[in-house]
1. Output the residue which, of all residues in the range 1-39 that are among the charged types (D, E, K, R) and closer than 20 Å to ASN72 by Cβ, is surrounded by the fewest Cβ atoms within 10 Å (Cβ to Cβ).
2. When the range 1-17 is examined, which residues are found to be over 16 Å from PHE53 (Cα atoms) and either in a helix (DSSP H, G or I) or touching a Leu at 6+ places or on another chain (Cβ under 8 Å) (or both)?
3. Which of the residues spanning the range 5-38 are among the aromatic types (Phe, Trp, Tyr) and in contact (Cβ under 8 Å) with a residue 24 or more places away in the chain?
4. Just checking, how many residues over the range 40-62 are exposed (fewer than 12 other Cβ atoms within 10 Å of the Cβ) and not hydrophobic (A, V, I, L, M, F, W, C)?
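Just so it is clear, none of the values below were taken in a lab; they were calculated from the coordinates. If you're wondering where the values come from, they're calculated on a predicted model, not measured in any experiment. Here Cβ is always computed from backbone atoms with ideal geometry, including for glycine, and neighbour counts include all displayed protein chains.
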Amino acid sequence: MEDFFSFRKMIAPLIVQSLFWIMVILTVITGIMMLFTRAFFYGIMVIIFYPIFLRISAELILLAFKIYDRLNEISETLKAGK
């Protein structure tokens, strides 16, 4: 809990992952709704390609947090070596 309040533990990755799944569910629902309207082709495209776009976007955001974690590991290793 101390890590959380001292900002050593990041909660943004959990938020990004949660938002990703919420957006995927909403996208699939929207795509299904489009299937039953005159936009059948666009509904299929939305169901197939938009979740891929969301995944790539989420991974790019999470990449910054992974880099931060690795830099902290390197820093701790260097401090322990001195």
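1. Of the residues in the range 1-39, the ones among the charged types (D, E, K, R) are 2-3, 8-9, 38.
After this cut, where a residue has to be closer than 20 Å to ASN72 by Cβ as well, the list is 2-3, 8-9.
Working: GLU2: 7, ASP3: 9, ARG8: 9, LYS9: 10.
So the residue we want is GLU2.
2. Pass one, the range 1-17, residues over 16 Å from PHE53 (Cα atoms): 1-15.
Of everything in the range 1-17, those that are over 16 Å from PHE53 (Cα atoms) and either in a helix (DSSP H, G or I) or touching a Leu at 6+ places or on another chain (Cβ under 8 Å) (or both) turn out to be GLU2, ASP3, PHE4, PHE5, ALA12, PRO13, LEU14, ILE15.
3. Of the residues in the range 5-38, the ones among the aromatic types (Phe, Trp, Tyr) are 5, 7, 20-21, 36.
Result: PHE20, single match.
4. Total satisfying the criteria: 0.
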